[in-house]
Amino acid sequence: MEGYLKRLSGYAFCLTNDRDQARDLVQECAVRALSATRVPRDEAAYRAWIFTILRNLFIDRLRRRRETSDELQDERDVDSWQVWHCNESLITGITVKLGLEKLKPAHREILGLVDIAGFTYHETAQILDVPPGTVMSRVSRARQALLDVLADSNVRALPLRRRRSR
């Protein structure tokens, strides 16, 4: 379990956009996982299993609170960020984090699993219980949504790599 805490925390933060809520979510996930009677033995299955637990806990919390994504967005004070003289990569990192906050929860979730936690499309499909093709299309739409949000910022999309023909 310890080897996944950092990735679980990153994913939880993507879902909640709140460090305290993310910590609570990871702690509750750890308690559930450690108290489970049946634990997958295969490493890939175990990893998907604990991330599924975290995701289901998050969904359960949303249902209990009956909060909408619009209410969550209003609670954040993006204007509180002040950027002083610093290097370009730090500014880019902050810009992307702010851009992620503006995305729909479903877009944040898929980017959190694939781009932040580093899961493959197949692993993400297992966690979300959807076909891998669905994951690929969701990632594509989420990345485009993030690029649209960042259109007027300093962040630029990397050029697409062309595949070599043989």
Within segment 101-130, find all residues whose amide N lies under 14 Å from a label point positioned 7 Å from the Cα of D148 along Cα-to-beta-carbon.
-> 102-108
Net charge over other residues, Cβ less than 14 angstrom from the Cβ of A142 (K, R count +1; D, E count -1) | +2
Once label points are set 7 Å from the Cα along Cα→Cβ at both R38 and R141, what is their separation, rounded to one decimal in nm?
-> 3.2
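Here, each number is a calculation from the coordinates, and none is a lab measurement. Predicted model, so just to flag it, every value in this text is computed and none were measured. Neighbour counts run over all protein chains shown; Cβ positions are idealised from the backbone, glycine included.
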